[in-house]
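J.: My questions all concern the structure below.
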Amino acid sequence: MTIRDWEGVALIIGAGDIGCCMSEYLKKFSPNLDVFVCGRDLTYHNDIFLDLEIDNSFKSFENQISLFKKPLRLVINTSGFLHSSFLKPEKRLSHVNRSSINKNFSINAIAPILIAKSIEKFIRPELPFSYASLSAKVGSIGDNRLGGWYSYRASKAAQNQFLKALSIEWRRKFPFSIVSILHPG
């Protein structure tokens, strides 16, 4: 049985371009999955609000999941933060500041493991389940040849470590689960 044949619920975390494209693809590719986009900027009435930087938002998110009549089968986290109009990637040490570090870690490292914590109680150990999260090649410590992007690189490396530890724990709890870290490039 492939994911195309799975029946249940799929959640796409992140209402940006990647998340919306993945949602549309899944709706066509796997018609037995009810696909919901989760994020701050929602487009459709059945989307689920989730602000990855607010703890109470995770409680509301869990309450929404608990209403599903079908099992949770797939969660894909497409959220991420590199820069904004106020915070830029640090090209050199003199550019590093607490605000940038906190923002990058909040979205890129902490949010993916908090998502896992929120969905864990809805995973059925007897069913195949997949949790995937977008990381980045620049999060590789061994592959860092250019330097720079201090906060982004460190936050993606932290995400990779969080999800590696999660994969080991879930292998015991949920033998049919898969935890994936994806490089979108």
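The values are calculated or read from the model by the stated rules, or taken from the named source; none is laboratory data. From a predicted model like this one, the values you see are computed outputs, not experimental measurements. Here the Cβ positions follow ideal geometry from the backbone for every residue, glycine too, while neighbour counts run over all protein chains shown. For the accessible areas, the whole protein counts, side chains as well, though only heavy atoms, and no ligand, DNA or RNA atoms are used. Shrake-Rupley method; radii C 1.70, N 1.55, O 1.52, S 1.80 Å.
J.: Under the condition of being touching a Phe, Trp or Tyr at 6+ places or on another chain (Cβ under 7 Å) and open to solvent by less than 10 Å² (accessible area, probe 1.4 Å), which residue from segment 101-118 is nearest to I13 (Cα to Cα)?
T.: Looking at residues that are touching a Phe, Trp or Tyr at 6+ places or on another chain (Cβ under 7 Å) and open to solvent by less than 10 Å² (accessible area, probe 1.4 Å), I get P112.
J.: Here is a further query. Would you check which residues across segment 14-36 are assigned to a helix (DSSP H, G or I) and β-branched (V, I, T) and list them?
T.: The answer is I18, and nothing else.
J.: Going residue by residue through segment 48-61, is there one that turns out to be in contact with a Leu (Cβ under 7 Å, 6 or more places away or on another chain) and either open to solvent by 50 Å² or more (accessible area, probe 1.4 Å) or acidic (D, E) (or both)?
T.: yes
J.: Please enumerate the residues belonging to segment 79-88 that are open to solvent by less than 70 Å² (accessible area, probe 1.4 Å) and over 15 Å from A116 (Cβ atoms). Reasoning before the result, please.
T.: Our first condition is that a residue be open to solvent by less than 70 Å² (accessible area, probe 1.4 Å); within segment 79-88, this holds for 79-82, 84, 87.
Once the filter is applied, which keeps residues that are open to solvent by less than 70 Å² (accessible area, probe 1.4 Å) and over 15 Å from A116 (Cβ atoms), segment 79-88 yields G80, F81, L82, S84, L87.
J.: Please count how many residues of segment 2-17 are modelled with pLDDT of 90 or more and open to solvent by 80 Å² or more (accessible area, probe 1.4 Å).
T.: Qualifying residue count for the region: 1.
J.: Related question: Given the structure, is N56 within 30 Å of I101 (Cα to Cα) and more than 15 Å from the chain's Cα centre (by Cα)? Before the answer, list the steps.
T.: Working: within 30 Å of I101 (Cα to Cα): yes; more than 15 Å from the chain's Cα centre (by Cα): yes.
Considered against the rule, which asks whether it is within 30 Å of I101 (Cα to Cα) and more than 15 Å from the chain's Cα centre (by Cα), N56 comes out as yes.
J.: Name, by its number, the condition in (1) more than 18 Å from the chain's Cα centre (by Cα); (2) surrounded by 20 or more Cβ atoms within 10 Å (Cβ to Cβ) that does not hold for L67.
T.: L67 satisfies every listed condition except (2).
J.: Kindly list, by first and then second residue, each pair from a residue in segment 24-42 that is farther than 28 Å from N56 by Cβ to a residue that is open to solvent by 60 Å² or more (accessible area, probe 1.4 Å) and in a helix (DSSP H, G or I), limited to pairs with Cβ atoms under 7 Å and residues at least 6 apart or on different chains.
T.: If the second residue must be open to solvent by 60 Å² or more (accessible area, probe 1.4 Å) and in a helix (DSSP H, G or I), the pairs left are F29/R4; S30/R4; N32/D5.
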